[in-house]
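Enquirer: Sharing a structure here in structure tokens format.
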Amino acid sequence: MKHIAIFASGTGSNALAIAQHFADSPVATVKIALSNRANAAVHDKMKLAGVPTVTFSREQWTQGDEILNVLRAYDIDLIVLAGFLSIIPESIINAYERRIINIHPSLLPRHGGPGMWGHHVHQAVIDAGDTQSGISIHYVTTEVDGGEIIFQASCPVMPDDTPDTLAERIHDLEHTHFPAVIEELLNTL
Ligand code: GAR
């Protein structure tokens, strides 16, 4: 049985989809969700799913040691970033090389990098006149959104899309594919 830790800062819809996918799984279980925001909706979502959450301060996220201690205490095999909007300390990236993955709401390398998250990404896609967008699941390295891509799926961008309508289509894609891609990856660990 593999152990997953989720890092999340926001709504937590992906975190919930992942926790539900693995709820009765013989492959893996979501042991804990770590956040940098005490009032993020992800805490309530994880409560629903029976997953404990813990919030760390900006200093703790910068320093990394206490977070590493938690990850080791739960014997974590894979860290999944699901809408996590803080930088991961290098000590964690090094300790979990190719065991940290992120989901990004565009077809990387388009519309990635610092400052590109959530609605900023969808606005950039619309502003660029792209007719396709999608999701990218990739390994996390020290380069923001720069790690090797594991999986991509695309969807159309409609002429009358707003960042909100595009986000909804992207979220559907994420919830469909992210848990399955995680399971496939865990089977190779
Ligand atoms: C997701 O669409 C995810 O791809 C995006 O934040 C959203 C979180 O939604 N992540 C990024 O933009 C990272 N650069 P959720 O909290 O409902 O899972």
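No value in this document is a laboratory result; all are computed from the given coordinates. Small disclaimer: the values here were computed from a predicted structure and weren't measured. Using ideal geometry, Cβ is built from the backbone for each residue, glycine included, and neighbour counts are taken over all protein chains shown.
Enquirer: Sort Val157, Val30, Val54 by Cβ crowding within 10 Å, fewest neighbours at the top.
Expert: With the sparsest Cβ surroundings first, the list reads Val54, Val157, Val30.
Enquirer: Mind telling me which of Gly83, Gly146, Gly12 comes out most flexible in a GNM of the chain, alpha-carbon contacts under 10 Å?
Expert: Taking springs between Cα atoms under 10 Å, the residue moving most is Gly146.
Enquirer: Oh, and also: Go ahead and estimate [θ] at 222 nm for the chain from helices alone: -39,500 (n - 2.57) per DSSP H run with n ≥ 4, summed, over the residue count, rounded to 500.
Expert: -11500 deg cm²/dmol
Enquirer: Where both partners of a DSSP beta bridge lie in the chain, what percent of those bridges are antiparallel, to the nearest 5?
Expert: 40
Enquirer: Does the range 1-111 come out rounded, prolate or oblate by the C-alpha gyration tensor, with a ≥ b ≥ c the root eigenvalues, rounded set by a/c under 1.5 and, if not, prolate when a/b is larger than b/c and oblate if not?
Expert: Rounded, because the longest to shortest axis ratio a/c is under 1.5.
Enquirer: Please list, or write none, the aspartates and glutamates whose alpha carbon is within less than 19 Å of the alpha carbon of Lys45, excluding same-chain residues fewer than 8 places away.
Expert: Those aspartates and glutamates meeting the cut-off are Asp24, Glu168, Asp172, Glu174.
Enquirer: Can you sort Glu184, Glu59 by how many other beta carbons sit within 10 Å, fewest first?
Expert: Placing the least packed residue first, the sequence is Glu59, Glu184.
Enquirer: Each label point is 7 Å from the Cα along the Cα-to-Cβ direction; what then is the distance between the points at Arg110 and Arg72, in nm?
Expert: Calculated label separation equals 4.4 nm.
Enquirer: Exposure proxy check: Met116, Met46, Met158 ranked by fewest other beta carbons within 10 Å?
Expert: With the fewest neighbours first, Met116, Met46, Met158 line up as Met158, Met116, Met46.
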